[in-house]
Each structure stands twice: as C-alpha cells, then as structure tokens.
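The values are calculated or read from the model by the stated rules, or taken from the named source; none is laboratory data. Computed from a predicted model, the values in this text were never measured in an experiment. Don't worry about glycine lacking a Cβ; one is built from the backbone with ideal geometry, like all the others, and counts go over all protein chains shown.
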Amino acid sequence: RRAAFAALKSEAPVTKDGHRLTVMVNAGLRDDVAALDVTGADGIGLFRTEFQFLISSTLPSRERQQKLYRDVLDAAGDRPVIFRTVDIGGDKALPYLNKEDADEENPAMGWRALRLALDRGGLMKVQARALLDAAAGRTLNVMFPMVSEPWEFDEARALFEAQREWMEARGRKLPAEIRYGAMLEVPALAEQLDLLLPHIDFLSVGTNDLTQFLFAADRANPRLAERYDWLSAAILRFLRRLVAPTRAAGVQLAVCGEMGGRPLEAMALIGLGIDRLSITPAAVGPIKAMVRSLDRTALMAHMEALLAAPPRDMRGALQAWATQSGV
Ligand code: PEP
Ligand code: MG
C-alpha cells in the first residue's frame, strides 16, 4: 500500500467525475518542506510559525525568522505557502515570553494566538517584517490564528500593512502580492462570517480547535477522545454553513485541521463542497487514493440527505456508502 501511495505522487487529486481538489500539507520546520516533493502536494496550507519559537530558548530574532521563511519559500518554489502567525500561549507556553501569565485555568481558551499577538504588538511587528522581507518579489500568504471577531482580523492586517508601508517608504523590496486569511477555530466567528468575508482572501478551518470549542471538549483530554466524533452531524452541519457564503464572496475555503487527513473524514468534507485540504504529509497518499475513487456528485447528494436526517451513527453511514461506492 505504501508503494501504491508513493506512486500517486505525480497524480493529481481529481475525482472520478473530473473535479480537481487541492491537497496541501501542514508544516512547521524547515525540513518539513521536503514533504512537498515527496508527496507531490499542491503547497503548504498551514505553516505553523510558532514551532521555531517553541524549539528556541530565546525569542527568535527577525533575522532568524526571515531566514526560515525565505528558506521555506525557496524550497516551495511555485507552490503556495500559507504562513500562520504565531499561535503561542495556552498549552504552547513560552517560558521566555509570557511567564507572568502562564497560570491560566483554561489555557486553550486563554491568552493565546492572535489575542496574545495583538496585545504584544512588538512580537507581531517583528514577524511581519520578517515575512514581508522573506517574500520580497513573491506572493506572501499570511493567516491569523484564533480569530474570534472580525475586528481582530482587521487589527492584525492593519499591523502588517503598517509594516509594509514603513518598508515601502524606505525603498525596501516588497512582496509582489500579499494575501490575508483567517483561521476559523472559534465558533463565534461563524456568526459574523458575512462581516469578515469582504476583508479576507481566504479562510481556513482549524477543526482541531473548532471541535473542542463546539463540543466544549478539551482536545488534549484522552477521556473525551472517543466521545466526540469529527463525523458528527453537529460538526458537519456547522462546516456546511461556511461553503455557500465563502464561494459567493470569492473567498477560498480550506480545512487545515487533522480531520482532513483521515480518508473518511476527508470524504465527508468533500461531500460538503470543501475542495481544499491541508493535511499531515503522511496522509497525502491515502487521501489522493480516496479522492481518485470518488464520485463527488453522488457523494454530495448523499451528504445532503444524511445531514437532513442525520443517523445517530454518521460514521457508520458514511463508511457504508464508501464501501458500497467502491471508495
Ligand atoms: C487547528 O486547530 O485545527 C489547527 C490546524 O491549528 P493547531 O492544531 O496548530 O492548533
Ligand atoms: Mg488551532
């Protein structure tokens, strides 16, 4: 099977009825970029920039950040890379940064990610400069984590734009294009999606965090791991609501949580009309194999029926459809 998956490297993720999907990989370290060539993925849909911060004993300098981002872009070549600004705080606490605030009762719902970055503007300014410099002459895709309200996205974007203007005034070489996106991980953001969409170029759903907030179930608690299923009607219906508005607004919609790397889950996402996945590199082969055996039109009709009258065992129902359809 491994050899069969490896052979799919140069095959595109196209469904049996001719629909081309986009399958990208999640990465966080310089060496992860090699996965692009190994898997034949379409790009890096989530580059977790906090990894560099987490493996460092001091705050990485602008020069070090810039070097990493440039290396990643060089290695990716023509393939797009989406850099997520630091998602630190919470369970990814940095001793050298937020020591005085490390004592939170609910760190996952605490002072983390964009919340922390907006409060510590200096941190994000340095990162913005590093990213803008690294992407000089190329496209820069920036994505903000844990956006809960549209104004948080606006503030983060304004911070980047201010750095861009600062560099422009000094005659520095800038990216040819900057695309800004938000992660949807906090359910509240979905309620204001119409207000956010005109401001963003792409939206990426972080189903790891989204699930824990939707079900109020800690993603790190093994006692709850079996209790809430990614293939539940609640999650699938929630995600379905995002598809039509993003498409109407011309905003790219992707899923970059671990859910997309599991074949049955990925199949369900495709059945909702989600065409872009960013997944762990080891999953690219199995997901491509699944996609290439899929009749997307039939699947979408089936998903609609399932979500209209959800069976208690959604997973079982999807598995049965997959087996019967030769997926
Ligand atoms: C997510 O929450 O789904 C996500 C992709 O971000 P992370 O796993 O880094 O929190
Ligand atoms: Mg997350």
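Table for the structure above
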quantity	calculated
Among the candidates LEU203, LEU195, LEU236, LEU214, residue that is touching a helix residue (DSSP H, G or I) at 6+ places or on another chain (Cβ under 7 Å), assigned to a helix (DSSP H, G or I) and within 16 Å of ligand 2 (Cβ to nearest atom)	LEU214
Given (1) more than 18 Å from VAL86 (Cβ to Cβ); (2) under 21 Å from the mean Cα position of the chain (by Cα); (3) aliphatic (A, V, I, L, M), number of the condition MET167 does not satisfy	(2)
Subset of segment 14-47 that is in contact with a Phe, Trp or Tyr (Cβ under 7 Å, 6 or more places away or on another chain) and hydrophobic (A, V, I, L, M, F, W, C) - its residue that is farthest from ALA182 (Cα to Cα)	LEU29
Pair list, Cβ < 9 Å and 6+ apart or interchain, from segment 1-20 residues that are polar (S, T, N, Q) to residues that are not in a loop (DSSP other than H, G, I, E, B)	THR15/ILE270; THR15/VAL291; THR15/ARG292; THR15/ARG296; THR15/THR297; THR15/LEU299
Helices (runs of 4 or more DSSP H) within segment 251-327 that include 3 or more residues more than 27 Å from MET183 (Cα to Cα)	296-308, 314-324
Restricting segment 197-223 to residues that are more than 9 Å from ligand 1 (Cβ to nearest atom) and acidic (Asp, Glu), the residue that is modelled with the lowest pLDDT	ASP218
Qualifying positions in segment 233-283 - among the hydroxyl-bearing types (Ser, Thr, Tyr) and either modelled with pLDDT under 95 or away from ligand 1 (no atom under 16 Å from the Cβ) (or both)	THR246
Residue ID - farthest from ASP87 (Cα to Cα), chosen from residues in segment 3-34 that are among the small types (Gly, Ala, Ser) and within 16 Å of ligand 1 (Cβ to nearest atom)	ALA27
Residues of segment 76-111 satisfying the condition of being at pLDDT 90 or above and in contact with a Lys or Arg (Cβ under 8 Å, 6 or more places away or on another chain)	ARG84, ASP87, ILE88
Out of ARG292, ARG276, ARG315, sole residue that is among the basic types (Lys, Arg) and under 16 Å from the mean Cα position of the chain (by Cα)	ARG276
Residues (crowded, with 20+ Cβ neighbours inside 10 Å and within 16 Å of ligand 2 (Cβ to nearest atom)) located in segment 243-265	ALA254, VAL255, CYS256, GLY257, MET259, GLY260, GLY261
All positions within segment 186-205 that are touching a Pro at 6+ places or on another chain (Cβ under 7 Å) and surrounded by 22 or more Cβ atoms within 10 Å (Cβ to Cβ)	LEU196
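Okay, residues lined up against (1) aliphatic (A, V, I, L, M); (2) over 24 Å from SER278 (Cα atoms); (3) in a helix (DSSP H, G or I):
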| site | (1), (2), (3) |
| --- | --- |
| ALA156 | yes, no, yes |
| LEU159 | yes, yes, yes |
| ALA162 | yes, yes, yes |
| MET167 | yes, yes, yes |
| ARG172 | no, yes, no |
| ILE178 | yes, no, no |
| LEU189 | yes, no, yes |
